[in-house]
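Okay, structure first, notes after.
Values in this text are rule-based calculations from the coordinates and carry no lab data. Computed from a predicted model, the values in this text were never measured in an experiment. Cβ atoms come from the backbone with ideal geometry, glycine included; neighbour counts cover every protein chain shown.
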Number of protein chains: 2
Amino acid sequence: MLRLPATLMRGGTSKCWVFDAEAMSAAGAAGGPGGRLDTILASAFGATDPRQIDGVGGATSTTSKAVIVRPSTEPGVDIDYLFAQVGIGTAGVEWASNCGNCATAVGLYALRTGLAKPVHPTTTVEMRNENTGVRLSATVPTPGGTVPELGEATVPGSLALGVPVALGFRDPAGANTGALLPTGNGVDRLELPHRPSGIDATLVDAGAPAVLADAAALDSDALETVGDFAALVPVLTALRRGAALRMGLASPHDPVSHSVPKVGVVAPPGDYVTSLGERVAAVDYDLAVRMVSMHAPHPAIGLTSAVALAAAALAPGTIPAKLAENRPIATLLRLGTPAGVVTAEVSLDDTGTVRTVTLHRAARAIATAELFVPALLQESV
Amino acid sequence: MLRLPATLMRGGTSKCWVFDAEAMSAAGAAGGPGGRLDTILASAFGATDPRQIDGVGGATSTTSKAVIVRPSTEPGVDIDYLFAQVGIGTAGVEWASNCGNCATAVGLYALRTGLAKPVHPTTTVEMRNENTGVRLSATVPTPGGTVPELGEATVPGSLALGVPVALGFRDPAGANTGALLPTGNGVDRLELPHRPSGIDATLVDAGAPAVLADAAALDSDALETVGDFAALVPVLTALRRGAALRMGLASPHDPVSHSVPKVGVVAPPGDYVTSLGERVAAVDYDLAVRMVSMHAPHPAIGLTSAVALAAAALAPGTIPAKLAENRPIATLLRLGTPAGVVTAEVSLDDTGTVRTVTLHRAARAIATAELFVPALLQESV
């Protein structure tokens, strides 16, 4: 049976199994997405079972994630990484997205494993996401050139402590479609089944492609609990497909993606209570948001979705820009998510182009492991 | 930070993190349940978070389990093991139960790690569960004295293949209370809040203490889907407490246990569809059952609950005996669970005492790991 080294990292509110590309190559999966690499990941995670009971997967969208890391050949970049959303109840592996939580974890992983060299007092790991071509940076405190095992940083949605990681998304606009607003419009009207008049949404490409619907058009205030928001998942899944076509991310005959683009609803801020029971007042944030992850409500917000929202909010005429127009600091967007407030800092250049969106996150190594992969039972690689 | 070696095993439909008692001793947790051992497990699993996002726990009752294994000092017994149900959203660890799925995993683990010596063609590992004092055996095919990494065995509730393990519960009756029927009755009437007339149930102690209510008295047919059965969890949780008092497992001033005794409903067989979509006909099994695990429906049945049911069905006058009286083979009880049919073989001695209840199961090693335990950050053990 194949024995595969891997590290379980927490990045923010996700768990990510991180693999070294060299180990994957040794297992015969040097070819990247598709084929043997998918087989190995699906088997290691126990993906075909809806509870992932026969593997290391956690059977939720935020705990069924893998990353393959390699040294980068690009000048000025330390590492390249490939993100995999491993199927739950299906052997399929989705390769079309980036994951900001896993990027956070990978930044710390690179320092732990020597893929990036820690220097006093902080180290910035430069990273390239191979799925999307997006450039990211992870800045970690490394006093005396040592890599901390734990720190005092937290993220909304978890009380757990971790190493603080400032995650920067570099030049995030247009990585998938060539433009921040792929249709050229701040608002597009999209068709929906059983809704002849369609619905207004902003189609944006920054960090990840995303479709952000005006919550009010769906009788939502984007303040719902995760449980209540589940009722909107079917209509938003249909919206995701329509947006994928409109943004040129898919053709009508392509299989339907369950992860691209990101999809959710936005609304003006209102008072609400987080999943952990904390009260959040409308004045404490700028824009209410509820996102979908695969086929379920996202417990917080995907970081790439947060980047898309922050970039959209700085683009005049978009729905997020209109709904968050009263925010006190134009370049700071505070997002009200089911887990709490996520703050995105946007830095613009002289032309008004988004240069970096930074999110303050936390990560830690949970375990190092050797995984036994039954799909390759017959081989002893 | 504490670094702790551990092995992730699948046993049937559970995932269990198996720890060597020596490694736990080295971590200063030689004292057993309570104190430091609980702190280490809760921290390693990320127990305080309801999604166990900062640890190796799987955030469900069947994936938040740990076992600590040691060589036994008892003649004729290979290993002793201690089972822990690690909290989900709480740092609490429950030590009052045994877990049959983990026992299956531990049998294979003992052979893998040399705690028991494999011999041709099959090896029976003799085990003692320290939580309950129960004796168990795990019989594994070991051709040529080698331990298989995988086999062709499956269990209801999962399509995953594993090494076949025949799990025998030795002399299961009365381990907790001294008698198969602790009250001396086949049927007892228990009080319930908002139900002045009470409800009939069988209180049995075999494998684990269990309270088995007549489903009909709760307007149930014990054929519900897991989702529908959830509606009965609150009343069965109240029943568990009442039964704990009646069986002498707790005193009125003790804290309420969320796992002892096992609680569920039983009914005559009927046609139903399993969670995986398979049709099960009434003629294909003998007794319908729906059990509770902690505060949620059990997706299948706990193996110790299956032992309790099988032993109860062979005791005249109990509810299971009456409901399953038409079964074709008296010593074979086929249980219709949400995941499919679980078959228990009962062997009796000349006096009619239950000697062994055997269940055919599957197990495999998923990963070996070194866990980083932040609770002990300050120490380098």
Rg in Å to one decimal, and Dmax rounded to a whole Å, for segment B:188-350 via C-alpha atoms
14.8, 46
Set the Förster distance to 41 Å, then compute FRET efficiency between B:R189 and A:H295 from the Cβ-Cβ distance, nearest 0.05.
0.35
The helix A:303-313 Cα axis meets the longest alpha-carbon principal axis of chain A at an angle in degrees, between 0 and 90 and rounded to 10, of 30 degrees
Using alpha carbon centroids, what distance separates segment B:55-90 and segment A:25-75, in Å?
28 Å
Under 21 Å between alpha carbons - lysine pairs in the protein assembly as shown that sit 8 or more apart or on different chains
11
Inter-label distance for A:L348 and A:D219, nm, one decimal - labels placed 7 Å from Cα along Cα-to-Cβ:
3.8 nm
Give me a comma-separated list of calculated 3J(HN,Hα) values for segment B:243-249, in order, Karplus coefficients 6.51, -1.76, 1.60 applied at θ = phi - 60°, integers in Hz, x for any Gly or Pro.
5, 4, 5, 5, 8, x, 7
If amide hydrogens are placed 1.01 Å from N in the peptide plane, which non-local residues have theirs closer than 5 Å to the one on A:L371?
A:L4, A:A6
Work out from phi, with θ = phi - 60° and the Karplus expression 6.51 cos²θ - 1.76 cosθ + 1.60, the ³J(HN,Hα) of each residue of segment A:180-192, listed in order in whole Hz, and give x for Gly and Pro.
4, 10, x, 8, x, 10, x, 9, 10, 9, 10, 7, 9
Using the Kirkwood radius over Cα pairs of segment B:115-218, the Stokes-Einstein translational diffusion coefficient at 25 °C and 0.890 mPa s, in µm²/s and rounded to a whole number, is 146 µm²/s
Helix-derived mean residue ellipticity, 222 nm - over the protein assembly as shown, DSSP H n ≥ 4, -39500 (n - 2.57), to 500
-5000 deg cm²/dmol
Describe numerically, in nm with one decimal, the distance between label points set 7 Å from Cα along Cα→Cβ at B:R3 and at B:D228.
5.3 nm
Report, largest value first, the span of the C-alpha coordinates of segment B:265-381 along each principal axis, in whole Å.
62, 40, 26
Which whole-number percent is the relative contact order of segment B:57-180 (Cα, under 8 Å, 6+ apart)?
20 percent
Sort by residue number and report every cysteine in the protein assembly as shown with no other cysteine beta carbon within a distance under 4.7 Å.
none
If R₀ is 22 angstrom, what is the calculated FRET efficiency for the pair A:H120 and A:E152, using the beta carbon separation as r and rounding to 0.05?
0.70
Could I have the simple spin-label model distance between A:S25 and B:E278, label points 7 Å from Cα toward Cβ, reported in nm to one decimal?
4.4 nm
For chain A, what's the relative contact order in percent, using C-alpha pairs closer than 8 Å and at least 6 residues apart?
20 percent
Find the relative contact order for segment B:188-350 and round it to a whole percent, using C-alpha pairs within less than 8 Å whose residues are 6+ positions apart.
24 percent
Which residue in chain A puts its Cβ closest to the axis that rotates chain A onto chain B, and at what distance in whole Å?
A:A369, 2
Which of A:E325, B:E152 has the fewest other C-beta atoms within 10 Å, and how do the rest follow up to the most?
B:E152, A:E325
How do A:M247, B:M1, B:M291 line up, fewest other C-beta atoms within 10 Å first?
B:M1, A:M247, B:M291
Karplus-derived HN-Hα couplings along segment B:67-83 (A = 6.51, B = -1.76, C = 1.60, θ = phi - 60°), whole Hz, x at Gly and Pro
9, 10, 10, 9, x, 7, 9, 7, x, x, 10, 7, 9, 10, 9, 10, 9
With no solvent and one point on each alpha carbon, what is the Debye value of log10 I(q)/I(0) for segment B:1-120 at q = 0.12 Å⁻¹?
-0.40
Quick note on B:M294, B:M24, ordering by fewest other C-beta atoms within 10 Å, gives B:M294, B:M24
